[in-house]
Amino acid sequence: MSPLPSYAESYQKAGSELQIGETATVPHLVPKGPEVPIELRITAIEEGSANDLKGFEIPVNLKNARPIYVRYEYKNLSDADLSAQSIGAFVAIDDRDQAHAPVSTLSGGTFTTCATPTAKALTQGKTGQGCLLFMIHANGRLKAAAYKGHYRSEGGANPQVSYPIYYNPVRWTASKSATVPSGERRTIVQ
């Protein structure tokens, strides 16, 4: 088992609840590399409308869902080059405490309403930004956006101990769970 990096004690405590706009230092697992620190901030949670998805093929189980956009910014705190890497491992938590994975692809065209540009030259101290699309059932409400990181299975390691944030993510909560009339678009939290 690899030893935890010396900066692990500076990570945001697993299960922490922050407000939109607050910053947390969280682990980012470099593919085929180490776990490194990034500074992460959810900047907005916006509710879209069904019109945002016109022309796209929506899976049957999501036909009654509505789009929620989670916008975020991050800063590389490590000496690793994070260029062209995705800062992933986000989930949306609904009012039933169910976690929803972001929508990774939509058939039918290019979705530009919520895009994440590829970070270039993302060396230490450099920043990037992104947006994630979540689909929440029409009767549900978004309670929080959360970051859970990734973990790599290392023989004999207890992932719940070595990667606690994966099992108990850092949450950014909206000041209130929001529902809006169908077809109307508004910012839930900024």
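Checked across segment 39-47, the condition of being among the basic types (Lys, Arg), in contact (Cβ under 8 Å) with a residue 24 or more places away in the chain and in a loop (DSSP other than H, G, I, E, B) holds for no residue.
Checked against (1) in a loop (DSSP other than H, G, I, E, B); (2) farther than 28 Å from ALA157 by Cα, SER78 passes all but condition (2). In the condition set (1) over 24 Å from PHE111 (Cα atoms); (2) at pLDDT below 90; (3) out of contact with any Pro (no Cβ under 7 Å at 6 or more places or on another chain), ALA50 is compliant with all but (1). Could you tell me which residue of segment 39-70 is surrounded by the fewest Cβ atoms within 10 Å (Cβ to Cβ), considering only residues that are more than 13 Å from the chain's Cα centre (by Cα) and hydrophobic (A, V, I, L, M, F, W, C)? Ranking the candidates gives VAL60 first. At least 2 residues being at pLDDT 80 or above and crowded, with 17+ Cβ neighbours inside 10 Å is the threshold, and among the strands (runs of 3 or more DSSP E) wholly inside segment 86-190 those reaching it are 90-94, 127-137, 142-147, 170-178.
Out of all the residues in segment 25-39, which are more than 12 Å from ILE165 (Cα to Cα) and at pLDDT 90 or above? Selection gives VAL36, PRO37, ILE38, GLU39.
The values are calculated or read from the model by the stated rules, or taken from the named source; none is laboratory data. Remember, predicted model here, so these are calculated numbers, not experimental data. Positions of Cβ are generated from backbone atoms using ideal geometry, with glycine treated the same way; all protein chains shown enter the neighbour counts.
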